[in-house]
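The values are calculated or read from the model by the stated rules, or taken from the named source; none is laboratory data. Given the structure is predicted, the values throughout are model-derived calculations rather than measurements. Heads up, the Cβs are rebuilt from the backbone with ideal geometry, glycines too, and the neighbour counts pull from every protein chain shown. Note: accessible area is taken over every heavy atom of the protein model, side chains too, but ligands, DNA and RNA are not part of it. Shrake-Rupley method; radii C 1.70, N 1.55, O 1.52, S 1.80 Å.
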Amino acid sequence: MEVEEENPPSTSLAESSAEVPDSQTLISASETIIPSIVPTAIPSAIVPPIAPIPTIPPPQVPAPLAPLPVRTPVFKPPQNGEVRTSDSDSDEDDSGTRATTGGYEISEESRQVRERQEKAIQELLMKRRAAALAVPTNDMAVRARLRRLGEPITLFGEREMERRDRLRMLMAKLDAEGQLERLMRAHEEEEAAATATAQDADEEMLQYPFYTEGSKALLDARIDIAKYSIVRAASRLQRARRKRDDPDESLDAEIDWALKQAESLFLDCSEFGDDRPLSGCSFSHDGKLLATSALSGVAKIWSMPKVHKVSALKGHTERATDVAFSPVHNHLATASADRTARLWSTDGSILKTFKGHLDRLARISFHPSGKYLGTTSFDKTWRLWDIDTGEELLLQEGHCRSVYGLAFHHDGSLAASCGLDSLARVWDLRTGRSILALEGHVKPVLGISFSPNGYHLATGGEDNTCRIWDLRKKKSLYIIPAHSNLISQVKFEPQEGYFLVTGSYDMTVKVWSGRDFKLVKTLSGHEAKVTSLDVSSGNFSSCRKIKPISVILISFYLIDILISMVESVCAAIINMSCSIFFEF
């Protein structure tokens, strides 16, 4: 302001305002005008030169923004005698109408989208309402409820779960329409008027038990198995404690000696078993007889060790798939693709026929007590039979595909099954529960065997591996890449479990250590796939050290390993009896 007071106003207020920068405050017209003062003239010689005033650049004005698109208003004809006076009034009315009633014109696509959204919301609400409804789980009850509602009880190709979902959606739809209560009330009144006894029977039918009630024979069998297993388990534990506490018995020395003898196994003899490929083999409990089954449907009994034919068992109408000797007597059982299992005597006469499976049988196995027989089938079940009566005691489901292998624990308390679903399951025969599901194989499991030590389980399958499971830890301890082709059978040495034998389609049989599961011996000689094997043990006796200087006599096992193969040749490998004397 001081500069303005010193400079004379030579022009009007508008011209002075044009020269003043925009940053300075302009003097309004209402303010008092200061009278101009004429400065005294100064001689030019005395006035010093004035530095030029720097030119202040004009402020940069940002580029104007693009104008917003003008939306063309939609004019509606006046309704209910409305009169629009001006455009401004119409704009105000339009804006008020849009803000309050949403008067925008809706296109056909928007209308379809809105309809689809409403339909999806209705379906979601319907599903929520259906999920909250109580629908019977028993298929017979579902059919009865559909019949009550006047709907078809089943559709072509409809499964149980699909039928139940259809009933659920139908009930939800009726509930949304408010008709469900009326229909159900009408049906209930009709049923109550018809008969009270029919209503009671219907209510009993709608009750769905959480378990399958077994027969009295099954209950007696479970009690008998429990008593038998307790005695066997106590004997096994007592023997294990004796070996652990007795300084005269060396477990490692026994295992080393057993493996050393297994290394010396060689081919002793060979014999043609049948005109068709052999499918199974089994030794008798005393090792004096050998049984083989073939795809011709005939099973044969051979004398050991000369391998002379004793009798032929004919009766199956389809191929025989497996054979097994009883662990307590010389009876044997065969399984066949004709869906039956048969019990035979050694002279070839049929004692019992077990019928009930819906598809061909795979493997067969005796319970250690000799009173019960287990069979597996491609109908996805395995069954337990009473030897004395021939009655089916247990129909056990649990596998989602065909059941192939079956083995019983040496105590008799457990059973293990394996199948084409790549699973192995352990069952408690005393309660009927599945206590373990062993997952690990990536392909079907074909062979399974319990170790006599009570806690090891071996499985082999089409993934060319043999897995060793610890039942105490409920996991796999060892994964043995055993063969170059699928493993058809696995068997522990039945006396002490000192070694494990595996047979494979790679035409070899291998012996593995039962301590660290390392390879001990490879038995070669077959020219085709090995389909089955069995291990028979003889006597094992030991005398304790009584005096400071005495002799311990160890009579090693009488080992017979039989391998049956596709080319109809069965080979019995070595009869071995060894005696060792230790002098102290």
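What the table below lists for this structure:
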read-out	value
Counted residues, the stretch 325-349 - those being within 22 Å of Gly287 (Cα to Cα) and either assigned to a strand (DSSP E or B) or open to solvent by 30 Å² or more (accessible area, probe 1.4 Å) (or both)	16
Strands (runs of 3 or more DSSP E) fully within the stretch 393-481 counting 3 or more residues that are buried (at least 19 other Cβ atoms within 10 Å of the Cβ) and in contact (Cβ under 8 Å) with a residue 24 or more places away in the chain	403-408, 414-419, 423-428, 445-450, 456-461, 466-470
Total residues in the stretch 137-155, condition in contact with a Leu (Cβ under 6 Å, 6 or more places away or on another chain) and touching a residue at least 60 places away in the same chain (Cβ under 8 Å)	1
Residue ID - farthest from Ile448 (Cα to Cα), chosen from residues in the stretch 369-392 that are part of a loop (DSSP other than H, G, I, E, B) and touching a His at 6+ places or on another chain (Cβ under 6 Å)	Asp379
Qualifying positions in the stretch 350-366 - part of a loop (DSSP other than H, G, I, E, B) and open to solvent by less than 20 Å² (accessible area, probe 1.4 Å)	His357
Residue in the stretch 507-528 that is among the basic types (Lys, Arg) and within 20 Å of the chain's Cα centre (by Cα) present	no
For Thr321: the one exception among (1) within 40 Å of the chain's Cα centre (by Cα); (2) under 15 Å from Ser345 (Cα atoms); (3) β-branched (Val, Ile, Thr)	(2)
Index of the failed condition, Gly370 passing every other in (1) over 19 Å from Ala407 (Cβ atoms); (2) surrounded by fewer than 18 Cβ atoms within 10 Å (Cβ to Cβ)	(1)
Hits in the stretch 478-495 - residues which are out of contact with any Pro (no Cβ under 9 Å at 6 or more places or on another chain) and closer than 17 Å to Ala262 by Cβ	Ile480, Ala482, Val490, Lys491
Lone qualifier among Lys314, Lys288 - being charged (D, E, K, R), closer than 27 Å to Val511 by Cα and out of contact with any helix residue (DSSP H, G or I) (no Cβ under 6 Å at 6 or more places or on another chain)	Lys288
Trp385, sole failed condition from (1) of a type in the set (Phe, Trp, Tyr); (2) open to solvent by 20 Å² or more (accessible area, probe 1.4 Å); (3) under 21 Å from Ser215 (Cα atoms)	(2)
Of all residues in the stretch 233-261 being open to solvent by less than 90 Å² (accessible area, probe 1.4 Å) and among the basic types (Lys, Arg), the one that is modelled with the lowest pLDDT	Lys243
Check on Glu213, of a type in the set (Asp, Glu), in a loop (DSSP other than H, G, I, E, B) and open to solvent by 30 Å² or more (accessible area, probe 1.4 Å)	yes
Hits in the stretch 482-499 - residues which are of a type outside the set (Gly, Ala, Ser) and under 25 Å from Ser264 (Cβ atoms)	His483, Ile487, Gln489, Val490, Lys491, Phe492, Glu493, Pro494, Gln495, Glu496, Tyr498, Phe499
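Table: residues versus (1) within 19 Å of the chain's Cα centre (by Cα); (2) closer than 17 Å to Arg342 by Cβ.
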| residue | (1), (2) |
| --- | --- |
| Arg383 | no, yes |
| Gly390 | no, yes |
| Leu393 | no, no |
| Gly398 | yes, no |
| Ala416 | yes, no |
| Ser422 | yes, no |
| Ser434 | yes, no |
| Leu438 | yes, no |
| Val442 | yes, no |
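One line per residue, one yes/no per condition, for (1) in a loop (DSSP other than H, G, I, E, B); (2) charged (D, E, K, R); (3) without any contact (Cβ under 8 Å) to a residue 60 or more places away in the chain; (4) surrounded by fewer than 21 Cβ atoms within 10 Å (Cβ to Cβ):
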site: Gln489; (1), (2), (3), (4): no, no, yes, no
site: Thr502; (1), (2), (3), (4): no, no, yes, no
site: Asp506; (1), (2), (3), (4): yes, yes, yes, yes
site: Asp516; (1), (2), (3), (4): yes, yes, yes, yes
site: Thr522; (1), (2), (3), (4): no, no, yes, yes
site: Glu527; (1), (2), (3), (4): yes, yes, yes, yes
